[in-house]
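Right, one structure below, let's go through it.
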Amino acid sequence: MAEITLIEGLRQAMDEELARDESVFIVGEDVGPRGGVFRATQGLYEKYGPERIVDAPLAELSIVGIGIGAALYGMHPICEIQFADFIHPAFNQIVSEAARLCYRSGGEWTVPLVIRAPYGGGIGGGLYHSQSVEAFYAHVPGLKVVIPSNPYDAKGLLKSAVRDPDPVMFFEPKKGYRLIRGEVPEGEEILVPIGPARVSRPGTDLSVFAYGMMHQYCWEAAERVAQEGIDAEVVDLRTLKPVDKQAVLGSVAKTGKALIVYEDNLTGGYGAEIAAILAEEAFTQLDAPVRRLAGPDIPAVPYSHPLQDWFMPNPDKIVAAIRDLAAY
């Protein structure tokens, strides 16, 4: 076992998939000699060359369009969008083309495409480097949406995404790139299936649902309230589309209470879908209203660090929400 960072898990996944399958290639801005703005692809250009690690111009629409075309001809592209905030120019290519080609061709054409993008706030990035865009894509049939919270899952889920026949939106919590560390076996094939959630901390008093960086914060908050006698179960959703309904419903059937934490704006954020599932399918098992803790409904995460802290959920805010829900 080796302790690595989340971004090292991603790099290992890409390295292994490039070595395994010559149809895999990476395309994105600065992914070549520079190794990406976050160094996710560091060392891969030197190892695999410019035909498989392709530096692209500042044109997200073209990056994804190239990926779709290549995928239709049997290749397995990994398209990197430098920040999730910049993915919007490619929205039509992703939503109207990649997501619908299998359906519109009656299953004759598949799009084995991975689109990687760092998302989320907390790094002082301000308006254009802090957005959480996962809810836009979780809305779209034909897309899979994955968000890892630790190095093991980052590696295993990305390898599974590369091998998946459908387009996968792979969002990475940039604040956790080097902050989150974990043990990953060396010399083993690691594949984490897309779909199943993971109970990272069993509990009996209430269920806390999260993903990405927020999962780490929720786990920390659950450990803190355990010292007060509150036993919170923490569920790492990992895959937002398709969501693991069985895990969500099973956890609440055990605890009777649910807190959903995400760093997107509250209204219309992904947590609303989890809340709707619980309202429709677990109503009689709930002992309290479903609670959401998320960012406020303002246009963006502010530049100012005090205002950024006001916007972002954090362990202290989660602790307070758990206490409030446990006392209901």
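None of the figures in this text is laboratory data; all of them are computed from the coordinates on show. Being a predicted model, the structure only gives us computed values, none of them experimental. Every residue, glycine as well, gets a Cβ built from its backbone with ideal geometry; the counts of neighbours run over all protein chains shown.
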Applying 1/(1 + (r/R0)^6) with R0 = 30 Å to the Cβ-Cβ distance of GLN42 and MET75, what FRET efficiency is obtained, to the nearest 0.05?
0.85
Given the options ALA300, MET14, VAL168, identify the residue whose Cα lies farthest towards the positive end of the charge dipole of the chain (+1 on Cβ of Lys, Arg; -1 on Cβ of Asp, Glu).
ALA300
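Work out how much length GLU189 to ALA226 would gain on full extension: take 0.36 nm times their residue separation and subtract the Cα-Cα distance, in nm to one decimal.
On the way: separation 37, 0.36 × 37 = 13.32 nm, distance 3.51 nm.
Net length gain for the segment: 9.8 nm.
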List, in the order given, every pair from LYS174/LYS257; LYS174/LYS317; LYS175/LYS254; LYS47/LYS144; LYS155/LYS245 whose Cα-Cα distance in the structure shown is over 28 Å.
LYS174/LYS257; LYS175/LYS254; LYS47/LYS144
Would you mind checking which residues have amide H under 5 Å from ILE53's amide H? H placed 1.01 Å from N; only 5 or more apart, or other chain.
ILE26
Nearest-ten-degree value, helix 271-281 long axis tilted from longest Cα axis of the chain:
60 degrees
Degrees, to the nearest 10: 60-72 long Cα axis against longest axis of the chain
70 degrees
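Give me the net charge for the shell around ALA99: Cβ to Cβ below 11 angstrom, other residues only, Lys and Arg +1, Asp and Glu -1. Please report the intermediate quantities before stating the final value.
On the way: positive: ARG100, ARG104, LYS144, LYS241; negative: GLU97, ASP166.
Every neighbour counted, the sum reads +2.
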Under the 0.36 nm per residue contour assumption, what length would be gained going from the current alpha-carbon distance of ILE123 and ARG178 to full extension?
18.6 nm
Using the Kirkwood radius over Cα pairs, work out the Stokes-Einstein diffusion coefficient for segment 198-326 at 4 °C and 1.567 mPa s, in µm²/s as a whole number.
89 µm²/s
With Kirkwood's inverse mean 1/r over C-alpha pairs for Rh, give me the Rg to Rh ratio of the chain, two decimals please.
0.97
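What does the net charge come to around GLY120 if you take all other residues with beta carbon closer than 13 Å to its beta carbon, with K and R at +1 and D and E at -1?
Values: positive: LYS174, LYS175; negative: ASP85, GLU134, GLU172, GLU263, ASP264.
Counting the neighbours of GLY120, the net charge comes to -3.
If exposed GluC sites (Glu not before Pro) are those in a DSSP loop with at most 12 other Cβ within 10 Å, what is the longest stretch of the chain that has none? It would help to have the intermediate numbers written out before the result.
Details: sites that count: GLU22, GLU51, GLU108, GLU186, GLU188, GLU189, GLU228.
By the stated rule (loop sites, at most 12 other Cβ atoms within 10 Å), 229-328.
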What distance in nm lies between label points placed 7 Å from Cα along the C-beta direction at TYR103 and HIS88?
2.4 nm
How charged is the neighbourhood of GLY269? Take every other residue with its Cβ under 9 Å from the Cβ of GLY269, and add Lys/Arg as +1 and Asp/Glu as -1.
-3
Could you give each residue of segment 306-314 its phi-based ³J(HN,Hα) in whole Hz, using Karplus coefficients 6.51, -1.76, 1.60 with θ = phi - 60°, and x for Gly or Pro?
x, 6, 4, 5, 5, 6, 7, x, 8
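With a cut-off of 8 Å between alpha carbons and a minimum separation of six or more residues, what is the relative contact order of the chain in percent?
Details: 738 pairs, mean separation 53.9, N = 328.
Relative contact order of the chain: 16 percent.
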Contour minus Cα-Cα distance for MET1 and VAL199 (0.36 nm per residue):
69.1 nm
By how many degrees, between 0 and 90 and to the nearest 10, does the Cα long axis of helix 245-255 differ from the longest principal axis of the chain?
20 degrees
